Amino acid sequence: MSENAAEAQGECIVKILAVCGMGFGSSLVLRMTIEDVLKAAGLKAQVVVSDIGTARSEQADIIVTSAEFARLLADRGIPIVVIKNYVDRKEMKEKLLPLVKGS
Amino acid sequence: MASSDAPFQLKDLLTPATIRLHVAASDPGQVIQEAGQLLLASGAIEERYIEAMRQALQTYGPYMVIVPGVALLHARPSDGVKRPCISLLTLEPPVPFGNEDNDPVKIAIAFGAVDRQKHLQALTMLTQLLANEQALSAIQASTSAEEVMHIIAAASPAS
């Protein structure tokens, strides 16, 4: 696991799951926006793309998705960032960064 | 510079033949039909892909309107995609998809992917375009497919 490798280096890498229905479109767009915002803030995280089915069991520290999928994932007990505009860096920054910094 | 994993730029997939402007569609199903027909006519998908896109919208809901006024429509590679492809419609009048935040849809973009890699570069450029409100307004006002291609080329530095 990459997390173990990171921990071995004395660094804990946050794992962010970008979720959409099928994992081929919106979640890839979401990942780009997440990576842009993290890079601009000088933060590191592992950003993984997932379809809603896989997201129900995939391990993660933070989930980023739309309101509809957030409802389906609420019972996982993982912090969820609900995004309205998938390419809006300001929205992503305001909602995601406090969670990444707090992890 | 196209890597071998993501060889397609946006301009390779979205061409004047897969752009239609000022389309009058009464509902999301008709938008998908029109956008899918362009991909079908280009030989990039099987006909069943259009129905799969309709099913995807029904199953997963209107989250596909990922940016105010823009829907990103697609299904899975296994639903009949022969090669990566993208089509674009401007909708006149705009069509509500049932997305509380981002309705109504003025630009519909449909695509077919064969995996998570080969369309990635085109999708990256598309993401830059979607973040550019000025370019999106200019596309809505465009009167020719060539004009849309020019706007996209100017808005995606990598092309």
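Laboratory data are not the source of any read-out in this text; all were calculated from the coordinates shown. The shown structure was predicted, so the numbers you read here are calculated from the model rather than taken from an experiment. Backbone-built Cβ (ideal geometry, glycine too); neighbour counts: all protein chains shown.
A few remarks follow.
- Here segment A:14-55 and segment B:1-76 have alpha carbon centers that stand 22 Å from each other.
- Extreme residue, positive dipole direction of the protein assembly as shown, given options B:156, A:14, B:121 (C-beta unit charges): A:14
- Positive-end residue, the protein assembly as shown charge dipole about Cα centroid, Cβ charges, pick of A:59, B:50, B:23: A:59
- Cβ charges +1 (Lys, Arg) and -1 (Asp, Glu), total dipole of the protein assembly as shown, debye: 300
- 10 Å Cβ neighbours from other chains, averaged over peptide B:31-39: 0
- Inter-label distance, nm, simple model (7 Å from Cα along the C-beta direction), residue B:115/residue B:146: 3.8
- If R0 is taken as 22 Å, the Cβ-Cβ distance between residue A:97 and residue A:57 corresponds to a FRET efficiency of 0.25.
- Distance (nanometres) between label positions extended 7 Å along Cα→Cβ at residue B:47 and residue B:17: 2.0
- Distance cut-off 23 Å, percentage of C-alpha pairs in segment A:2-88 lying past it: 20
- Dipole of segment B:78-147, positive direction: furthest Cα of B:141, B:96, B:80, with charges on the beta-carbon: B:80
- Summing Cβ point charges (Lys, Arg +1; Asp, Glu -1) relative to the Cα centre of segment B:10-155 gives a dipole of roughly 440 debye.
- Cα extents of the protein assembly as shown along the three principal axes, largest first (Å): 56, 38, 32
- Student exercise, segment A:2-88 dipole from Lys, Arg, Asp, Glu Cβ charges, in Debye to nearest 20: 160
- Extent along the principal axes, Cα only, for chain B: 39, 35, 27 Å, with the longest axis given first.
- Peptide B:71-79 is shielded by partner chain Cβ atoms: per residue, an average of 3 of them sit within 10 Å of its Cβ.
- Each Cα pair under 8 Å and six or more residues apart adds its sequence gap; the mean of these over the residue count of segment A:2-88 is a relative contact order of 33 percent.
- Annotation: lysines with alpha-carbon distance below 30 angstrom to residue A:15 (same-chain offsets under eight excluded): A:39, A:44, A:84, A:90, A:93, A:95, A:101, B:118.
- Rounded to the nearest 0.05, the FRET efficiency derived from the C-beta distance between residue A:41 and residue A:76 at R0 = 25 Å is 0.50.
- The value of relative contact order for segment B:10-155, using C-alpha pairs under 8 Å at least six residues apart, is 29 percent.
- For residue A:68, neighbours were defined as the other residues whose beta-carbon sits under 12 Å from its Cβ, and their charges (Lys and Arg +1, Asp and Glu -1) total 0.
- Label zone at residue B:137 (point 7 Å along Cα-to-Cβ), backbone N below 19 Å, segment B:71-109: B:71, B:90-92, B:94, B:102-108
- Antiparallel content of DSSP bridges confined to the protein assembly as shown, in %, to 5: 30
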